[in-house]
1. Once every DSSP H run of n ≥ 4 in chain B is given -39500 (n - 2.57) and the sum is divided by its residues, what mean residue ellipticity at 222 nm do you get, rounded to the nearest 500 deg cm²/dmol?
2. Which chymotrypsin sites (Phe, Trp or Tyr not before Pro) from region A:127-204 combine a DSSP loop assignment with at most 11 other Cβ atoms within 10 Å?
3. Run through the DSSP bridge list for region C:250-499 and note the antiparallel percent, rounded to the nearest 5.
4. Out of the trypsin sites (Lys or Arg not before Pro) in region B:39-94, which ones are loop residues according to DSSP with at most 16 other C-beta atoms within 10 Å?
5. What is the spin-label model distance, in nm, from A:Leu52 to C:Ala238 if the labels are put 7 Å beyond Cα along the C-beta direction?
6. Quote the relative contact order of chain C in percent (integer), defining contacts as alpha-carbon pairs under 8 Å separated by 6+ residues.
7. Can you list the aspartates and glutamates whose alpha carbon sits under 17 Å from that of B:Lys151, skipping same-chain ones fewer than 8 residues off?
8. Please compare each pair in C:Lys147/C:Lys346; B:Lys118/D:Lys151; A:Lys67/C:Lys369 to a cut-off of 27 Å on the Cα-Cα distance and tell me which ones are over it.
Amino acid sequence: MSLAETQQTAARHIPDRLTTPLARTFKSWESLLLLVAIGIFILNSFASPYFLNAWNLSDATFNFTEKAMIAFAMALLIIAGEIDLSVASIIALSSTAMGVVMQAGFGTPAIVATGLVTGLLCGAFNGVLVTRLGLPSIVVTIGTMSLFRGISYIVLGDGAFRGYPSEFAWFGQGYVVWVITVELTIFAILAVIYAVVLHKTNFGRAVYAIGNNATAATFSGIRVERVKFILFLLTGLMAGLASVCLTSRLGSTRPSIASGMELEVVTMVVLGGVSILGGSGSIPGVVIAAFVMGLVTFGLGLLNVPGIVMSIVVGALLIGVIALPRIYQNLRRS
Amino acid sequence: EDMRIALVVKALGIGFFEAAAKGAEEAASELGDVEIIYTGPTDTTAEGQIEVINSLIAQNVDAIAVSANDTDALVPTLKKAMQRGITVISWDSGVAEEGRQMHLNPSSNPLIGNMIIKLAADELPEGGQVAVLSATTTSTNQNIWIDEMNKVMSNYPGVEVVATVYGDDLADKSYREATGLMQSYPDLDAIIAPTSVGIVAAAQAVVDAGKVGQVNVTGLGLPSEMAGAIESGASKSFAIWNPIDLGYSATMIAYHLSKGDAVAEPGASIPMGRMGEVTLDETNSGAMADPFVYDASNIADFKDIF
Amino acid sequence: MGHAQTPAAPVLALDGITKTFPGVKALDGVTLELYAGQVTALIGENGAGKSTVVKTLTGIYQPDGGRILMDGEEVRFPTAQDASAAGVTAIHQETVLFDELSVAENIFLGHAPKGRFGLIDRKAMHKDAQAILDGIGAEIDAGVRLKDLGIASRHLVAIARALSVEARVVIMDEPTAALSRKEIEELYELVDALKAQGKAILFISHKFDEIFRIADRYTVFRDGQFIGAGEMADIAEAELVKMMVGRSVDQIFPKRAAEIGEDVLLVAGYSHPTEFEDIHFTLRRGEILGFYGLVGAGRSEFMQSLIGVTRPSKGAIRLNGKVRVIRSPADAIAAGIVYVPEDRGKQGAILDMPIFQNVTLPSLPRLSKNGFTRMAEEFALARQYTERLDLRAASLDTTVGSLSGGNQQKVVIAKWLATQPTVIILDEPTKGIDIGSKAAVHDFMSELASEGLSVIMVSSEIPEILGMSDRVIVMREGRMVAELEGEDLTPETLVRHAAGISSKGEAA
Amino acid sequence: MTLLKSREAILVGAILLLLALVASRFPGFVTPSNLVAVFTDTAPLIILALGQMVVILTRSIDLSVAANLALTGMVCALINVSFPGVPVPVLVALALGLGALMGAINGFLVWKLTIPPIVVTLGTMTIFRGVIFLLTNGSWVNSHQMSAAFKAFPRENILGLPVLGWIAVIVTLILGLVMSRTTLGRAFFAVGGNPHAAVYTGINVGRTQFLAFVISGMLAGLTGYLWVARYAVAYVDIAGGFELDVVAACVIGGVSIAGGIATVGGAVLGALFLGIIKNALPVIDVSPFWQLAISGAAIIIAVTFNSRAGRSKGRVILKSAEHAQ
Ligand SMILES: Nc1ncnc2c1ncn2[C@@H]1O[C@H](COP(=O)(O)OP(=O)(O)OP(=O)(O)O)[C@@H](O)[C@H]1O
Ligand SMILES: Nc1ncnc2c1ncn2[C@@H]1O[C@H](COP(=O)(O)OP(=O)(O)OP(=O)(O)O)[C@@H](O)[C@H]1O
Ligand SMILES: [Mg+2]
Ligand SMILES: [Mg+2]
């Protein structure tokens, strides 16, 4: 009798899971982050008498909704092992394109479509450079970051586009019901869509597989380049959408619009527990991170703390939230 | 309960605005029942100002007086502020009419436009080449002043504006642009920088290029920051209105509008304490005072003040 | 064969060394003694712990227990530099070299000759490196960048690196695996020379002819445990094998007779500009077709091209009579041809993802509905195949990275079988897995063939090739050099074709 | 070998072409005195690019260099204001030390807590800038507050080149020596090229990365003082966004973002390429609004070229193919 056969008689059942879903949830990054969010919420309501007010909270959501729209797509991109630093510049270029269309006399639908399509095209440009030419995305998008905004400067110079139609204002200034803004609604819908796509579809599984091991993913029949290209498209599209919202909220276009936003988006994604090295992360994490960042900036804003101090807090949060569990582990080991 | 007036500036940390804040505090202590919230973003962006203004709206302040980074982008937010019953005025750098109740120009725009070219032309009796070093391409007030300046160029025959460049109110970029100007135009006689950051950088660039005496730097600057340039001779003279007075006046106007003892409408006069009163034109804007010229003869008296 | 007297005291000795990795006891209280002027062969199956001993001796791993003694004194090697300072140097199994550095720098990295101001003396380094290379008969310029060298030259550089240290103990972990006959002969002479200089040598190899050619003593490990040691002169090959494997060899390959049916896969004229040329064969239903060759013969490259990872410049495939164009692994999987790659960690498994997701990854298109994953079906499929392969794991949602090598390999095989293929290509399916798992894999391959699956097995192990294949194709330097079947299928013919030696025994 | 050499040759060619192009529109640009000025203006970028090169070489990235520069610069300025008597050499030493300390913080987090470098430096970037704000409450230190000696140092002209330019030359030489002729320098290559194998040669990967960050920080600190002294102003936002220019210079210079490949010459040339574009565009009357797009396009084109040159060929197994190669 062969050894193998002896083993086969001993074949045993392997359970699906050892832990219950509830236990997993409790131990996850997301719950740690949720605790932080709740803590900040409570602190805020003690620190400022103006905090617990529906209209004020509604206003506060503008601090993160546009960034979060991009952060969802960026999360997928980073999970797949790439990055797009040009998103803020895509916003500028999309906004400029919308301005051009608006000046040509087109109405709101055409303006919005232009914003979205411009975003898509920018994403496609990044995607081609990364997937077809095989260039590292961080480098490509440092380049397109200057290029896209640069085109915007070429078109606009020191001018501005203003005079968007009044219906256009709906995206960035409108309310769906009561204090629920249009942007917040878009954010919520996108959160659900992205959560489903990432966590419940083959596409999402492919994203994880690519980020963990692109070679093995290729061998497993995943069309890696195609998936990455789609992710760049999505990120461009989301930047286009954010551009629609931001332009609508500001009611005008300048080439300097949204400058520096790319790093805030990346910060939001990383704070949300997405590994910058690719391969892991979740949409609920990003949603909570969006709220954390929104709450921190709004709460400190109510105390009239300068923006730069807020960014210290966010920077420290970023390192701290990642470092603390590791320090704890190190201490426990020794 | 004190009245809370928020003084929103383009960016924190700029000497000009720090001085304006001093003026606002002066007005507050004169009025007695006023609390000043001095705030602004840390870099000169419209988005940053919007976040700041949103939090001011949330705090339900009584008045917002803003020096805007962008004429248009702040309008929706400021409109919302007005809808919630907050008095909104702009000062120094204005916002579009629908976004504020009135705008306080530090001085009349045509006067400033004329002043900056006159300072340069006075040193060039034979005529010559001048170039403009502005702040960002989107700075409202700089753009208006340069426009006004171009309108009166015919009064200065022989003086030619050869280029306009942008230093983005960043010291290094302004410096590099100034250096580039001197290279592109070897015969350049003057650099006009209608911005307090640009003028200091340009003066430094002139000193470093060894062109003191050949290229005169002028424009709008703060005596405290320009003292060195006057001393080295890189700048013969420059102008500014008193930012302390500006902050003071803006606070006074906001106070009276908010109290309701003055209204912002074309032709109206609004009291500004020790600065007298401002009369509004058809766009609801008014000028505070004439710019004041500083040179070697008077700089010592002012450099420790602002 | 050297009949040196066993000197009284060993230069280097391991005493009860233990080393545990998550889930694996790689070394379990082993002893090992190395004597000056003698070659000790360390023998054991894949995964027996040989390389782990090497790494422990060279400061890369720290043992969990036990002592390392040099001249009877206990020593510790916290880093690789400490070991080399103490006179222990090694040629590691993996080439631990740097593409972007020059050959000389690779040889002297970490202990380069210093000139003025403590700066590296590049002239001296270059000269010394060239001298060492010349000394081992390597025709390599010390000035070229490593990335411009082929695999055999790289091994020679690794050997030169080991010799650049003033050493008393030289360790060689499978140094001849990638070398040509001529280079191997030169290496043997080198070993003899080192021996004559009185160095203690630890030689690891799976090739018995080699061991009997150069070793004075042997030590056998099995599953991380010390089994025995002694003089080469006192032992016969069969006995050594038995010590190594723990039972007689013929039990390992439980090949069942399968009914060989019609032609399934027809490959014609497959060529690549630099990797392989004119590969052609037919594969029949129920057949196990072996691909044998020396390391680097181009077998893996061909197989990967076949499934569309790299595109062939020419060539045609017919599957069940239909012409197939395969441009990507996705196409191959859809067509029913799957490839179980050689490099488990890089190409096979996604180590940080759970077992069930690994297993279902290539099958997701079939398993899902409108592109949505269905967790329940995934678990069911994963269970079906992992249990069939007798996977040992705590649960299906633990990550593959936490499994032992053999169990990882089972997950990888399960992953490809779950796609229900027509043709399965297994590239070194038992590389680096333990005896038990190896037997399970072989048994399973047999079972698959008897169920009518067509199997291609790439292997560099002659017993495996002989034991499992119905037919064998031998490759050398990117070309098919022989197709062997039946009586022609002997170890001698295999080696002869693979190494390019004519029947008279001369190099072709 | 020929490959890397040729990459630098391409870059030199591109720079010469660029200069010729600029000269055709504005001959004054290529006069020796102007070239010296351009080189001096590019010096900070060169120094920072060299530091960044070391970091990228070890498979890391340092996004905090500009913030480090700003903070060190501010501290130097504040010291100068409060104690005008502190001599410049002491300030330079202090700048080096403070910069190195900040680099060490980054390096420590990367080494001991194994947090990815991009996350660490994204965080410290905002923190360092924030600290400047906390130190100064946002106010500026202006030219007239600084002592003459403080401002004069980088401008001091020696043999026709300002000290700032000389420092870039010296840093280049030192780093050239360190990278090619010291154990540490070779360790940087080893760690980036094959971290796994580096362990086998007794190199501590984390510690090597730590040292790379220290070097990068040290150079950023040095540049901080030079920057503040040269532009005679210090405030929170100086050199804002400069970190991306620095990374771009490295990438143009052929430093592989994946680690393991870099040359000192490449980094310097990459910085010069960017510096020349930045200096030339204003003088050849390119509208200021075109400048950003042009530098962006230049980066993309340079990177595309680099990757073409550096693309690895597949394995050669066939004997016949060997000769064809
Ligand atoms: N870094 C590691 N982490 C986890 N397990 C390891 C590690 N290194 C080795 N092992 C395990 O330790 C055991 C011994 O491995 P080792 O490499 O020493 O075997 P070997 O005798 O050299 O085999 P081969 O003949 O294949 O080279 C194997 O089960 C292997 O999977
Ligand atoms: N020229 C080379 N340069 C670098 N690494 C190489 C080279 N040749 C082979 N290797 C490495 O050596 C190992 C074995 O190579 P390879 O897969 O070609 O051998 P094999 O599978 O035994 O032979 P075959 O090519 O016949 O499948 C692999 O890790 C491979 O990356
Ligand atoms: Mg081994
Ligand atoms: Mg192989």
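The values are calculated or read from the model by the stated rules, or taken from the named source; none is laboratory data. Predicted model, so just to flag it, every value in this text is computed and none were measured. Cβ: placed from backbone, ideal geometry, glycine included. Neighbour counts: every protein chain shown. Note: areas computed on protein heavy atoms with side chains; ligands, DNA, RNA excluded. Shrake-Rupley method; radii C 1.70, N 1.55, O 1.52, S 1.80 Å.
1. On the way: 10 runs with 123 residues, N = 306.
For chain B, the value works out to -12500 deg cm²/dmol.
2. Here the chymotrypsin sites (Phe, Trp or Tyr not before Pro) that fit, given the DSSP loop and packing criteria, are A:Trp178.
3. 50 percent
4. B:Arg84
5. About 8.9 nm separates the two model spin labels.
6. About 15 percent, as a whole number.
7. B:Glu160
8. On the way: C:Lys147/C:Lys346 20 Å; B:Lys118/D:Lys151 32 Å; A:Lys67/C:Lys369 33 Å.
Check vs 27 Å cut-off fails for B:Lys118/D:Lys151; A:Lys67/C:Lys369.
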